[in-house]
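Report on the structure given below.
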Amino acid sequence: MYSHQKNIVTAGTPIAEAKRALILLHGRGSSAEDILNLANHFELEDVALFAPQATNNSWYPTSFIAPVIENQPALDSALSLIKELVNEISNAGIPTSKIYFAGFSQGACLTLEYVTRNAQRYGGVIAFTGGLIGKDINMNNYKGDFKQTPVLITTGDPDPHVPLRRVELSEGIIKKI
């Protein structure tokens, strides 16, 4: 079991000059630097980029559809790290309505879990192959109102790690919030 240290790789416009922020969450076995390379494919102006680095390149130790307890304390540590980063970005003058999230695989699952637990108006959310975390979905974890935040969840079918049914369930929950 492990927790995450605050190790954030940044790029793009400096936060003091930025009008928007993009938080990028890498997949298992990848790195903050790897997912930051994704931003090279976008034409981003006035955007501060933030990519937290997971301990041992993994946000949590087992499958995202395992019982939540099997992914603790790493999962709670990862969620706290994102919350702290969002607060820092907001305190720098960028409202949550201008904060965007993108995650891949394990980072997509973490992205969806964070934004659904803290639903409010964000700039947008992209989850490249992911779903909400846990064997059983605990609806008590999810609160707030997305207020028309655009959310895109992509997947492939079949995907050996991310069942289509979980993606569809996650989409349904997000639409209700």
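Within region 99-121, work out how many residues are under 8 Å from the mean Cα position of the chain (by Cα) and not polar (S, T, N, Q).
Qualifying residue count, region 99-121: 11.
Look through 100, 114, 122 and report the one residue that is assigned to a loop (DSSP other than H, G, I, E, B) and surrounded by 18 or more Cβ atoms within 10 Å (Cβ to Cβ).
Of 100, 114, 122, the one residue that is assigned to a loop (DSSP other than H, G, I, E, B) and surrounded by 18 or more Cβ atoms within 10 Å (Cβ to Cβ) is 122.
Can you pull out the residues in region 138-154 that are modelled with pLDDT of 95 or more and farther than 25 Å from residue 97 by Cα?
If the condition is that a residue be modelled with pLDDT of 95 or more and farther than 25 Å from residue 97 by Cα, then no residue fits.
Quick one: is residue 3 under 21 Å from residue 153 (Cα atoms), of a type in the set (Ser, Thr, Tyr), touching a residue at least 40 places away in the same chain (Cβ under 8 Å) and surrounded by fewer than 21 Cβ atoms within 10 Å (Cβ to Cβ)?
Spelling it out, it is not the case that residue 3 is under 21 Å from residue 153 (Cα atoms), of a type in the set (Ser, Thr, Tyr), touching a residue at least 40 places away in the same chain (Cβ under 8 Å) and surrounded by fewer than 21 Cβ atoms within 10 Å (Cβ to Cβ).
Any chance you could count how many residues in region 147-177 are under 15 Å from the mean Cα position of the chain (by Cα), farther than 24 Å from residue 61 by Cβ and not in a strand (DSSP E or B)?
Total satisfying the criteria: 4.
Testing residue 137 on (1) β-branched (Val, Ile, Thr); (2) in contact (Cβ under 8 Å) with a residue 40 or more places away in the chain; (3) more than 22 Å from residue 22 (Cβ to Cβ), one condition comes back false. Which one is that?
Here residue 137 clears every test but (2).
Given the conditions (1) loosely packed, with under 12 Cβ neighbours inside 10 Å; (2) of a type in the set (Lys, Arg); (3) within 14 Å of residue 128 (Cβ to Cβ), which single one is not true for residue 28?
(1) is the only condition that residue 28 fails.
Among the candidates 87, 71, which residue alone is of a type outside the set (A, V, I, L, M) and touching a Pro at 6+ places or on another chain (Cβ under 7 Å)?
71
The values are calculated or read from the model by the stated rules, or taken from the named source; none is laboratory data. Since the model is a prediction, treat every value here as computed from it, not as a measurement. In this analysis, Cβ positions are derived from the backbone assuming ideal geometry, glycine residues included, and neighbour counts consider all displayed protein chains.
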